[in-house]
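The values are calculated or read from the model by the stated rules, or taken from the named source; none is laboratory data. Owing to the predicted nature of the structure, the values given are computational and were not obtained by experimental measurement. Glycine also receives a Cβ, built like all others from the backbone with ideal geometry; neighbour counts cover every protein chain displayed.
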Amino acid sequence: MSILYMLIDRTSLETTSVLKVAPIKEIIAWSKLFAAEGRTLIGPPLEGRGFAKLTAEELQYLYWNLVQQPPPENYPEMIELCLTAVQQIAPDKTPIKQLEAQVLHLEAQAIALENPDKPVPRAVSDPASRPKEGSATGKVWAIADELSFGTAMATRKAVVDLCVRKGINAATASTQYGKWKGSRKYLTLNPA
């Protein structure tokens, strides 16, 4: 099992709490998502020394937010009790692919806001499922990519029509469109 990290919100004294416990890649993705909300975060490993980044007051609020009890007076005891409480938190199970898609979506939104005339990066298909470039099926996928913009996917009709004009069989185009669409990373901030 990989080393677990905790993502601590230290936006304000009262909000000092553990938001997530997960492996490092997931914590990095979560930190980007929470930072986009304007939160101040730290993501130390799930061990006692990570609490050294917190002030005594922040640690007291963290303890309160973890166990809903007044913190002990003894600082080392409070660290030990915080660590024990955090270790009881179940690791977040959100798939890294889903988190990466959400981060990509946020980055695309930021680019769109900074440069409204610049095209927004597209959602991409899973490279493992993509057909060989230059093949008839690969050309369908390339056409579908060309006709998509941002999170808006090309329609089946538009892809098939363009493929037929380029000499690709309509049935092949329709089948490959379905596979292309199914392989796309859905860019949503509220996954079902």
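A few comments on the model shown:
- Residue list for segment 162-185, filter: in a helix (DSSP H, G or I), exposed (fewer than 15 other Cβ atoms within 10 Å of the Cβ) and of a type outside the set (A, V, I, L, M): ARG165, THR175, GLY178, GLY182
- Residue within segment 64-74 that is buried (at least 16 other Cβ atoms within 10 Å of the Cβ), within 15 Å of LEU19 (Cα to Cα), within 23 Å of the chain's Cα centre (by Cα) and of a type outside the set (Ser, Thr, Tyr) present: no
- Pick from segment 131-153, criterion modelled with pLDDT of 80 or more and in a loop (DSSP other than H, G, I, E, B), ranking: surrounded by the most Cβ atoms within 10 Å (Cβ to Cβ): PRO131
- When each of GLU80, GLU107, GLU57, GLU100 is tested for being in a helix (DSSP H, G or I), under 27 Å from the mean Cα position of the chain (by Cα), surrounded by fewer than 18 Cβ atoms within 10 Å (Cβ to Cβ) and without any contact (Cβ under 8 Å) to a residue 60 or more places away in the chain, the lone residue that passes is GLU107.
- Test: residue in segment 1-18 that is within 18 Å of ALA85 (Cβ to Cβ), surrounded by 19 or more Cβ atoms within 10 Å (Cβ to Cβ), within 26 Å of the chain's Cα centre (by Cα) and among the small types (Gly, Ala, Ser): no
- Pair list, Cβ under 6 Å, 6 or more apart: segment 166-183 residue free of Cβ contacts under 8 Å to residues at least 12 places away in the same chain, other residue surrounded by 16 or more Cβ atoms within 10 Å (Cβ to Cβ): ALA170/VAL160
- Restricting attention to segment 1-49, the residues that are outside any strand (DSSP E or B) and under 15 Å from LYS93 (Cβ atoms) add up to 7.
- Note on segment 69-114: residues that are of a type in the set (Asp, Glu), in contact with a helix residue (DSSP H, G or I) (Cβ under 8 Å, 6 or more places away or on another chain) and at pLDDT 85 or above amount to 2.
- Filter pass, ARG156 being closer than 19 Å to TRP180 by Cα, modelled with pLDDT under 85, out of contact with any Cys (no Cβ under 8 Å at 6 or more places or on another chain) and among the basic types (Lys, Arg): no
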